[in-house]
Each structure stands twice: as structure tokens, then as C-alpha cells.
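The values are calculated or read from the model by the stated rules, or taken from the named source; none is laboratory data. Remember, it's a predicted structure, so these values are computed and weren't measured experimentally. No Cβ is skipped: glycine too gets one built from the backbone with ideal geometry, and neighbour counts run over all protein chains shown.
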Amino acid sequence: MLTGILQIGWKDIAQILILYLTIYSLLRYVRGTRSAQMLLGGGMIVVGLLVITYLLGFDVLSHVIYFLLGYMAVILIVVFQHELRRFLALLVGRTLFRKTIGIRQTHVPDELCQCVQKLSSKRIGALIAVERGISLTGYEDTGISLDALISQELMISLFTPPLPLHDGGVIIRNGRVAAAHCLFPISNQPALNTSGMRHRAAVGLSEETDAVIVTVSEETGGISVAYNGKLRRYREHSERRVLRWLRFAMPGMRARPSSFSEWLDATITRQWKNIKTPVREETEDAND
């Protein structure tokens, strides 16, 4: 009898693997976001009620709970509508309807990092979103289309008040400035109540998409990076961290040395800079 109960076929193993991968992917996707706490709290309530009704033998209450579980799909769609929209956009937005028009720069992360450092040194407020898998076309439509090469002169002129385009955010797509003066959604996280609108807009966009958003505070010149609903502030030695984030957002646009001597010179320069200004290792990084 025991052997009959323990007989497991390949279909059972396949179903267990599918359920495991589904649950694991869901937990990994919402990990570190506000949805994780809601999902964990709801799951604990449901499991707790089922255990209590089973141990105490509450048959009527048990039937009511099982009946309500049938409507959980609708409830989840309503509660997690932003996360579902983001997941679906990420699922189909990486390769479809994408093409590159115009001249492409091969050193975009380095050039954009220098632009951010320049804005920080001049204490010019900035909000820059680098598009990744999820398209930012909907937010681009709220601003002014540019399709321009990235340069320090352009970035400073875009964000310097009282010029017409200094408000709003800039969208980077395929290594080019796609649009400026764009409106981004505002995050409602309680931890950001004391933050400025730029930082709240950066976090809000990172909650809706997988973009990497860089902000510069006009009050302090501090640089922050928003990704996956989290805001990381870099008050000192920010150049290396921001550059790693930008290379993470644009992996195919890093500068390549044209010769061995150029590579050797760049390596020596980078190591010397690290010796002069050692960077404190942080737990949160672009590869986390």
C-alpha cells in the first residue's frame, strides 16, 4: 500500500518543477518591492485560516474560504496591476519593434557618467532615465522628441533653468537622447516623503519599468540611482558606482580600446585613480 502511494511518474515530477519554477520566479520578481510584503502578508493570512479551520474542524468556514479562493485571481489582478503590466511589458518589450536609427556612440556609459558628474559639480538638478527592456515610449510622448547624441554641452543646456526643457526627465534610448521634458510617475513610498520630486519621480518610474534612472540634486549636488523601486544615494566617490550602473543599463555600448597600448594606458589610469581615491564597497550594486 505504501509503495502505491509513493509511486511518482514523470508527469508528477514535471508538474512539481513547473510549480516550483513559477513560485520561485514570482518571489524573485517581487523581491525587494512593496508587492513582496503584500503578497507575503496575504499568503500568511490564507495559510493561517486554512490551518485553523482544518485543526478545529470548522467545515462551514472552510467551505467559505475555498469559495473565496476562487476569486483570488481577480483580486490579485486588481492589487498587483502595476506589477503585472510591468511584467507583460518586460516579456514582450525586449526584442519586438526595436531598431536603431542614426549614429550610435560606442562610449555612451562613460560619456553619460561624465555628464552626470559635471551636472553634480555645478549643482544642476537632473533626471535621466536609461531605457532597458521595457519601452518608455509612453513617457516619451509627454515630452519633446530630440533624438540627439549625448554630450556634456547638451545635458547642461537641457537641465539649466530657466530654459524651457529644464523641468521633467530625459530619456536615453539606444545610446541617444530620445526626448526631454518628460513626465514620470510619482512614487508614493512613505520613505520618500522628505525627498524631492525628482527622486520620487525616479523611484516611480523604476516601479513601473526596468529602467535605470539617475538623479542629481540641485540643493546638494548629490547623485542617486533608482532601480526596481529602490533609491540608492551616493554622496561621495559616486563616479565609479554610477558608471557601473550605466554599463549595466547599456551593456553593448561600452568603450572598447582600439589597441593594446590604449588598453594598458586605461588600465594604469584606472588603477592609479583607485589608489588615490579608494572606493568603499557597498552592499547594493548594479549587479545585485
### Message
For region 71-89, check the following and say yes or no: at least one residue is at pLDDT 65 or above and not in a helix (DSSP H, G or I).
### Response
yes
### Message
Residue pairs, Cβ under 6 Å, 6 or more apart or interchain, first in region 60-84 and farther than 15 Å from Gly43 by Cβ, second part of a helix (DSSP H, G or I) and modelled with pLDDT of 75 or more. List them.
### Response
Leu61/Thr53; Ser62/Thr53
### Task
Inspect region 169-178 for any residue being modelled with pLDDT under 90, out of contact with any Cys (no Cβ under 6 Å at 6 or more places or on another chain) and not hydrophobic (A, V, I, L, M, F, W, C) and give the result as yes or no.
yes
### Query
Which one is nearest to Ile172 (Cα to Cα), of the residues in region 182-210 that are outside any loop (DSSP other than H, G, I, E, B) and touching a Ser or Thr at 6+ places or on another chain (Cβ under 7 Å)?
Cys182
### Query
Looking at (1) farther than 14 Å from Ile134 by Cα; (2) crowded, with 19+ Cβ neighbours inside 10 Å; (3) among the aliphatic types (A, V, I, L, M), which is the one condition that is false for Ala191?
(2)
## Note on the structure
Residues of region 158-174 being part of a loop (DSSP other than H, G, I, E, B) and crowded, with 21+ Cβ neighbours inside 10 Å, in sequence order, are Gly168
### Task
Give me a count of the residues in region 133-157 that are surrounded by 19 or more Cβ atoms within 10 Å (Cβ to Cβ) and touching a helix residue (DSSP H, G or I) at 6+ places or on another chain (Cβ under 6 Å).
3
